[in-house]
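The values are calculated or read from the model by the stated rules, or taken from the named source; none is laboratory data. Keep in mind the model is a prediction, meaning the values are calculated, not measured. Cβ: placed from backbone, ideal geometry, glycine included. Neighbour counts: every protein chain shown. To get the accessible areas, we keep the full protein, side chains included, count just its heavy atoms, and leave off ligands, DNA and RNA. Shrake-Rupley method; radii C 1.70, N 1.55, O 1.52, S 1.80 Å.
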Amino acid sequence: MARKKIALVGAGNIGGTLAHLIGLKELGDVVLFDVFAGVAAGKALDIMQSGPVDGFDSKMVGSADYAAIEGADVVIVTAGFPRLPGMTRDDLLTKNAEVITKVAEGIKTYAPNAFVICITNPLDVMVWVLQQKSGLPPEKVVGMAGVLDSARFRLFLAEEFGVSVEDVTAFVLGGHGDTMVPLTRYSTVAGIPVPDLVKMGWSTQEKIDAIVTRTANGGGEIVKLLEKGSAFYAPAASAIAMAESYLKDKKRVLPCAVLLNGEYGMNDFYVGVPVVIGDKGVEKIVEVQFTEAEKAAFDKSCDAVKKLIADFKKLGV
Ligand code: TXD
């Protein structure tokens, strides 16, 4: 069986980390694409040279020519401009929409059968632009945000409870941004919901509320610390979990930004909800019952995404 081909459009911080993880996990061969061909080729060669040490044989090349991504099984898109301190995700809208439009054309021409994972911010709008402009089926174009947001939530909860991150599951919905909706009711330690753990005296509601706020601002916290650029290790690991579920038909249940078509009473825009990812792409959208407060928070988050899309349409990019 031939090795899978994974194209990484954008060879910056996340792109390089993705390539390294793909090598370490032996998921396939890698094409790093970037407008800076030298950066893409340099990272590809550098990572391939770690192969003999770590014991992987993935072939890696760098290119500034879209023809290089031809026939890719998976395309992960990070191309664009990162968020700088003081800049909101929304400020990135115009600049990154232009980049994503070009990327969509490249994918449509050279990798129309790929499973495409978009990471570029502002995520929920960029993944929508990518799907619209590429014309790929919606079940093959998803956005990565929820896996990262729930990983942050899981880490903070694990620290609060003094337990392994492995035993904490978390449930995060909505747009990637300040309006994201962490559902504590569906977040657990080994199956015990967080509200029950509060009742058991493991924490207080105030502390859980603070963790929810910290999670929603998780990206900004890293941006502030780094001073230059945004998070890249955890975002890369999160996208790899999604790619792996597709490539191995694992059917993992992961929160991803997907195009809603009536689910949750919403239509025609991308937002984060739990989905099953298998070899057909998004195989199922999981619809949970909301309480009134949860529904209000989810609607607010959807409104923020819809507003961004309306802003984008006005720009006419
Ligand atoms: O949860 C999430 N979705 C995110 C999103 C979490 C963290 C970061 N998130 C966003 O990912 C971030 O706001 C950025 O929009 C992307 C990529 O982040 P990264 O840290 O990798 O940014 P870099 O290091 O600046 O890399 C971007 C690369 C860089 O090498 C540019 O030269 C390249 O993109 N670039 C392009 N490549 C191809 N084609 C075009 N047109 C292009 N323009 C820039």
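What to note about this one:
- Average Cα contact separation per residue, the chain, under 8 Å, 6 or more apart, as relative contact order %: 16 percent
- Each of the GluC sites (Glu not before Pro) that DSSP puts in a loop and that has at most 15 other Cβ atoms within 10 Å breaks the chain; the longest unbroken stretch is 71-226.
- The chain, helix-only ellipticity at 222 nm - DSSP H runs n ≥ 4, -39,500 (n - 2.57), divided by all residues, nearest 500: -14000 deg cm²/dmol
- Estimated at 0.36 nm per residue, the fully extended path between THR109 and GLU292 surpasses their Cα-Cα distance by 61.4 nm.
- Antiparallel bridge percentage (DSSP; both residues within the chain; nearest 5): 50 percent
- Rounded accessible area per residue of the range 5-143, 1.4 Å, Å²: 39 Å²
- Which of VAL198, VAL271 is most accessible, then next, and so on - probe 1.4 Å: VAL198, VAL271
- Out-of-range pairs (alpha-carbon distance over 32 Å; input LYS59/LYS228; LYS5/LYS300; LYS4/LYS228; LYS43/LYS313; LYS4/LYS133; LYS25/LYS102): LYS5/LYS300; LYS4/LYS228; LYS43/LYS313
- Dipole-positive endmost among GLY262, MET200, ALA304 within the range 182-317 (Cβ charges, Cα centre): ALA304
- Alpha carbon centroid spacing (whole Å) that separates the range 63-137 from the range 195-224: 32 Å
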